[in-house]
Structure formats: structure tokens, C-alpha cells
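Enquirer: The structure is given below, and queries will be raised subsequently.
The values are calculated or read from the model by the stated rules, or taken from the named source; none is laboratory data. Small disclaimer: the values here were computed from a predicted structure and weren't measured. Here the Cβ positions follow ideal geometry from the backbone for every residue, glycine too, while neighbour counts run over all protein chains shown. These area figures cover heavy atoms from the full protein model, side chains too; ligands, DNA and RNA do not enter into them. Shrake-Rupley method; radii C 1.70, N 1.55, O 1.52, S 1.80 Å.
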Amino acid sequence: MALTQNKKLGLTSKILIGMAGGILFGLLLRWLFPESAFIQDYITDGLLNVIGTIFISSLQMLVVPLVFVSLVCGTCSLSDPSTLGRLGGKTIAFYLFTTAIALSMAILVALLIHPGNASLAAENMQYSVKEAPSLANVLINLVPRNPIQAMTEGNMLQIIIFAVIFGFAVSHIGERGKRVAALFNDLNEVIMRVVTLIMQLAPYGIFALMGKLALTLGLETFESVVKYFFVVLGVLLIHAFVVYPTLLKIFSGLSPLLFIRKMRDVQLFAFSTASSNATLPVTIETAEHRLGVDNKVASFTLPLGATINMDGTAIMQGVATVFIAQVFGIDLTITDYAMVVVTATLASIGTAGVPGVGLIMLAMVLNQVGLPVEGIALIMGVDRLLDMVRTAVNVTGDSVATVIIAKSEGAFNEVTFNDTQAGKTAGSFVDQVNAEVKE
């Protein structure tokens, strides 16, 4: 009986149990063994770190082959240059549009609530600024000098550019190109099958990640910046559950509630990993099999979104800029705030989908309006938790854009989207894999 009930348990439920269990496990150990060297060495940095890191690595292992293969497949089916250009233009325009909305809303809410306290300026603040790339370097580095090196280093923009060019060439060499395209389509199926197998490890990996987080960060971390934390969190939730659903309804006419329900697994993965790139395999699988997006669109818009669509990061940058200005008693003009919106929106194009990189871009934004970058030290304590939330917001935005663009291009299956069975969890897909393995 228990076995039957366990079999019916969906992936979302398993992930939630793993997440809650990990947090409770970490907090319990923290309460029972405060400042224990044994717990730190063998549980936090040992067992939990090993399991969590292996899980993240298993997802990241698939990112480069998945992006390259799926983009080649997608581009092969877009043999018309005008179709490819139109798809790229729509995607980039939508991502920049939502990023500008996110920034403007973040700045407005932060100005109204006023989270910054001038007394915090007396704190001992130190933050070593890593040099952010200039716009010229970002543009130059779009084209890879060595595609293999770009894949080795995980340079997503360069991989995307090379894959699009490669796929476009494949579609224009006749019969030989069709054979190459068929090979890449088969490879894409293999990679997606590996994704479903790795997803079965998610509850255990997320348990370890949450357990380590609970052991590492205590509630006292939030004392000095609790207002900033909740302002950012509030704007992130508004953007994810008000702005995105509204845009989805306006531009596609689809049900926002059904969309959010089908996105639960992706959001949980993103929250746990704090990496848009690590979540990408799950995002693509969800878009194609549960949201009804054609591969030729999903394989283009989602990898691009994981690289340049950073609405969650933009919200953090907007609130943090206002917060740091208030802490140091510096009045910014409307022109300064406009400069923040423009700079951070353009900077999102060069922001990689990896944990913590938003702080580097924040330093560039602060320099642009003459604010002290040392103020970043004030928010670093809570940035890890906010990074998890804003990653979930980012992948939600990627998927909204993908659905809207797919529908506008006639590459969308509304029957699949409206199929509630297809939207329950990825568990049904994983169960299918299990059944095949047993046979």
C-alpha cells in the first residue's frame, strides 16, 4: 500500500518534501550542535556539500551539449533568414522590455518604502570590486575565436552564436544537411532522456542544498538589512505573479493560472540551484512537453533567456541602488535613476546565468551613478537567498516569453498547454522512463 502511494507521489511533491526536510535537518543540527567543528567539517562541508555539488554538476554537465544541440536543431528548421531574424528580434526586444519594467518598478517601490538607514553607513564595509566587462568587450566577445574553448568555458553567448551559424549552414547544404540535421535531432532526444533520468535525483540533491543553506545562514543574518530583503522579495513576487501573468494574458490570451501551475517544477529547480543555466534542461523539457512550445522556438529563446534575461537580478540592482544611496545620504536625480535603468538593462545582456554574478553588475551600475561600491557589503549576507528567488523569477520570465513568441510564430500547441494531465509534474514523464527500464 505504501509503495502504491509513493509511486503516485509527483516530482513536485518529492522536491517540496526534500526542500522542507533539508531546511528542518539543517536547522535542527544548528540548534543541537551550535558552532560544532565536526558538523561543519563532516556534514556541512562534507556530506551535504558533496551531494549538493554532484547534483548541480549533473545538471551543469548537460547545459553546453543541450544548448548547442537543441539550438542547431531549432535553427535547422528555420532555414528562412527572415524567420530567424524575426524570432531573434522578438526575443531580445521582449527580454529588454521586461527588464526595463522590473528595474523601474524596483526603483519606484524602494523610493516609496525607503529601506535604507543612514546609521548603517558606520558599519565596517569592505567589498572588492571585480572589473565588469565594457560594452565594447561584450560585443567583441559575442563571436567565439575558438568554439571548442567557448564550450569548455561555458561561454553561453558565444555558444549560442556559433550554434545559430552552424545550424543555419546545415539547413542550406541540401541532402547532406538533412543527414546532419537528423543526427542532431537524435542527439537531442538522447540528451532530453538523460535530463529525465537526472531529474529523479532532484529531491536528494535539493535536500542537501537546503540543509547546507540552513546550516550556513542563520536568521541573525537578516537583522541589519531585513527591510531591504523584504522590499526585494516583494518586488520579485509581484513581477513573477502579477507582471508576467498579465503580459501572458495580454499577448497570448492563455490562462496564467495554468501556466504557473505547470511551471512549479522549473521554479523549484531554479530556487534550489540559484542558476538559470543549471535549470535550463528542466526549463526546455517543460516548455516542449508541458507548455506546448515547438522545439524550434524553445531551443532558441530559452538558452538566450538564460543568458540575457535577468529581470530578477535587475530588481535586486534597482532596490540595492536606492538602498545604498539612502544609507550614504546621497540624493540621486531622475536622470541618475534613468541611467540606472538603461545601464542595468544593457548590462543584463552580458550577465551570465550563474550564482552571484549580479553583484559584479551591481558594482558597474553603482559606479555609473557615483555611489560607493563598498555598500554592496551590506547586502551580501542575504544575497544568496535572494539569488535563489530571483533565479526562479528569471526562468519564469524566460518561459513566458517563449510561450508568447511561440504563439505569435504559430509554433505552439494549445491542446498540450490546456492538457492538465501534461501539466501535473515531470513525474509522469519520469514514470514512463522507469516503466521502459523495467521492461
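Enquirer: First check a/c for region 195-328, with a ≥ b ≥ c the square roots of the eigenvalues of its C-alpha gyration tensor; if it is under 1.5, answer rounded, and if not, answer prolate when a/b is larger than b/c or oblate otherwise.
Expert: Values: a/c = 2.18, a/b = 1.33, b/c = 1.64.
Oblate.
Enquirer: Next question. When all C-alpha to C-alpha distances in region 173-268 are sorted into bins of 10 Å, what percent of pairs does each bin hold, rounded to whole numbers?
Expert: In order of increasing distance, the bins hold 11, 20, 26, 26, 11, 4, 1 percent.
Enquirer: Can you give the accessible area of His114 in Å² (nearest 10), computed on protein heavy atoms with a 1.4 Å probe?
Expert: The accessible area of His114 comes to roughly 90 Å².
Enquirer: Counting only protein chains, not ligands or nucleic acids, how are Arg261, Arg290 ordered by accessible area (probe 1.4 Å), most first?
Expert: Arg261, Arg290
Enquirer: Still on this model: List the relative contact order of region 187-311 as a percent without decimals, with contacts defined as Cα pairs under 8 Å and 6+ residues apart. Spell out each step's value before the answer.
Expert: Numbers: 51 pairs, mean separation 27.7, N = 125.
Contact order relative to length: 22 percent.
Enquirer: Using a 1.4 angstrom probe and counting only protein chains, how large is the accessible area of Glu414 in Å², to 10?
Expert: 80 Å²
Enquirer: Size of region 256-322 along its principal axes in angstrom, Cα-based, largest extent first?
Expert: 41, 24, 22 Å, listed from the longest principal axis down.
Enquirer: Rank by packing, highest mean first: peptides 397-403, 150-156, with packing defined as the count of other Cβ atoms within 10 Å averaged across residues.
Expert: Packing proxy ranking, top to bottom: 397-403, 150-156.
Enquirer: Taking 24 Å as the cut-off for C-alpha to C-alpha distance, list the pairs among Lys262/Lys296; Lys90/Lys178; Lys178/Lys296; Lys296/Lys407; Lys14/Lys262; Lys227/Lys249 that go past it.
Expert: Beyond 24 Å between Cα atoms: Lys90/Lys178; Lys227/Lys249.
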